[in-house]
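Okay, so here's the structure we're looking at.
The values are calculated or read from the model by the stated rules, or taken from the named source; none is laboratory data. As the structure is a computational prediction, the values presented were derived from the model and not from experiment. Areas reflect the complete protein model, heavy atoms only, side chains present, ligands, DNA and RNA absent. Shrake-Rupley method; radii C 1.70, N 1.55, O 1.52, S 1.80 Å.
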Amino acid sequence: MFREDIAAVFDRDPAARSIIEVLLCYPGLHALWGHRLNHWLWTHGLRFVARFTSQWVRFFTGIEIHPGAEIGRRLFIDHGLGVVIGETAIVGDDVTIYQSVTLGGTGKKKASVTRPSATTLASVQARNSSAISPSARTAAWAPGQWFCTTCLLTPPSWVCRVISCCATASAW
């Protein structure tokens, strides 16, 4: 499982150059491994210990993952400062998450589902029975910008208009 996580970093981040760099400099990987330990503690009845250690992981990485969240294989959190994955979140396999994403509901039942191979970035808040589809690129407002969900550029952009890659460009 740890090898899969490292391979996911190399697959999805062109800036990753070496295993040592990935092991020492990727807080998303550290948060994921901390979550795996904390989730094991949570499911074995050591809920206070799991919550306490998850707060330490959050302190060191800037990424908060509740120990009760269900996380699939090969999750990649890139530029993860401000990422919050709540207790009710279910994250599928091969998901990529970028900064300031909040996943989870406000109730007790499992609510927010990120399906396999989804990419979620830039201030997305998926709550209360939200689902992010398989292979979707979900994007939302970031300070001062909107991201195209097709090419991940910032519309209204002349590039999106020229290549007609998104609905925003066709509406011009």
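Miscellaneous remarks
- Heavy-atom accessible surface of ASP94, to the nearest 10 Å², is about 50 Å², with a 1.4 Å probe and all protein chains retained.
- Long-range HN-HN contacts of ILE97 with modeled amide H, under 5 Å: PHE76, ILE77, ASP78, THR120
- Backbone HN-Hα couplings from phi across the range 3-20 [Karplus 6.51/-1.76/1.60, Hz, Gly and Pro as x]: 5, 4, 5, 5, 4, 4, 4, 5, 5, 10, 10, x, 7, 6, 10, 8, 5, 4
- The candidates LEU32, LEU24, LEU46, arranged from most to least accessible area with a 1.4 Å probe in the full protein assembly, appear as LEU24, LEU46, LEU32.
- Long-range HN-HN contacts of VAL83 with modeled amide H, under 5 Å: GLU64, SER100, VAL101
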